[in-house]
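The values are calculated or read from the model by the stated rules, or taken from the named source; none is laboratory data. Here the structure is a predicted model, which means the values were calculated and not measured. Here the Cβ positions follow ideal geometry from the backbone for every residue, glycine too, while neighbour counts run over all protein chains shown.
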Amino acid sequence: MRPTFEKKIFMEKLTLSILILHITAATIALLSGLLAILFRNKLKIHRPVGKIYFWAMTVVCSTAVYLSVIKLNIFLFCVSFFTYYACLTAYRSLKLKKLHLGQKPTWFDWSIELFFGVMHIGFLGFAAFLLISGNTSFGIISLAFGFLGIRGNYITIKRFTGQQEYRNYWLLAHISGMSGSYIGALTAFLVNNNKWIHAPQVLVWLGPTVFIIPLVVFEMKKHRQKAGKFAMSENVISS
């Protein structure tokens, strides 16, 4: 009995420590992410706070996976993988600025797509199981994350294989990925803490998307117009 009791105490302390680490990293990520958005045009500020955001999100998503399994939180499990995939591919896009000139993605970049692609397909399979079992709400959540994730895989692989439309494709991938990860992180924060916030459910679930997406659309449109598209001959050469 004693070893079992000691193991239980150890696991409780471990879970509490990981929870504290998760909360600390999430706070840093939300603040640094906000600064990165506000100072998006001031690179001397944007770059360092952006790196802080990325590494904080690495800790957030790693600890979220553990906590979601311990607490059987399907939403947290799905959003942790989806959010980190968006964050990771956005971070890596800065290293892949010359794909149109023949630069090749590394084995690490392809490993990211393979691992998260399998996870996204798994979300679809799990969604089917939940929907058949009658768990409609979580089934729809898993289904949505699965489809969005696979769409992200498709877009990234197109970029990897020379199908770039705009000259600043790497910047567009960075903006969309980081913005998507921040929306996911903020939504997860609001959903998991709404018992203290007491905000309307529609605001908690859709608020971050409604408020941030217009800014993302504006930024993407501005940068597309500024950079312009590749000429057809350039696309042929790059492929």
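List of remarks:
- For segment 6-22, the tally of residues that are under 14 Å from Val59 (Cα atoms) and surrounded by 14 or more Cβ atoms within 10 Å (Cβ to Cβ) stands at 4.
- Criterion: touching a residue at least 24 places away in the same chain (Cβ under 8 Å), touching a strand residue (DSSP E or B) at 6+ places or on another chain (Cβ under 8 Å) and of a type outside the set (Lys, Arg) - qualifying residue of Phe138, Phe230: Phe230
- Qualifying residue in segment 77-94 (condition: surrounded by fewer than 17 Cβ atoms within 10 Å (Cβ to Cβ) and in contact with a helix residue (DSSP H, G or I) (Cβ under 8 Å, 6 or more places away or on another chain)): yes
- Hits in segment 95-118 (condition: part of a helix (DSSP H, G or I) and either surrounded by 16 or more Cβ atoms within 10 Å (Cβ to Cβ) or in contact with a Gly (Cβ under 8 Å, 6 or more places away or on another chain) (or both)): Leu99, His100, Asp109, Ile112, Glu113, Phe116, Gly117
- Residue pairs whose Cβ atoms lie under 8 Å apart, separated by 6 or more positions or on different chains, with the first residue in segment 93-113 and closer than 11 Å to Ala173 by Cβ and of a type in the set (A, V, I, L, M) and the second in a loop (DSSP other than H, G, I, E, B) and at pLDDT 95 or above, are Leu96/Pro105; Leu99/Pro105.
- Filter result (surrounded by 15 or more Cβ atoms within 10 Å (Cβ to Cβ) and assigned to a helix (DSSP H, G or I)) within segment 158-174: Arg159, Phe160, Tyr169, Trp170, Leu171, Leu172, Ala173, His174
- Leading residue by the ranking (surrounded by the most Cβ atoms within 10 Å (Cβ to Cβ)) among those in segment 126-157 that are more than 15 Å from Phe75 (Cα to Cα) and either at pLDDT 95 or above or β-branched (Val, Ile, Thr) (or both): Thr156
- Failed condition for Ile183, given (1) modelled with pLDDT of 85 or more; (2) exposed (fewer than 15 other Cβ atoms within 10 Å of the Cβ); (3) closer than 26 Å to Tyr85 by Cα: (2)
- Extreme residue, nearest to Leu34 (Cα to Cα), among residues of segment 204-218 that are free of Cβ contacts under 8 Å to residues at least 12 places away in the same chain and not β-branched (Val, Ile, Thr): Phe211
- Pair list, Cβ < 8 Å and 6+ apart or interchain, from segment 40-67 residues that are at pLDDT below 95 and outside any helix (DSSP H, G or I) to residues that are crowded, with 16+ Cβ neighbours inside 10 Å and not hydroxyl-bearing (Ser, Thr, Tyr): Arg40/His46; Arg40/Glu219
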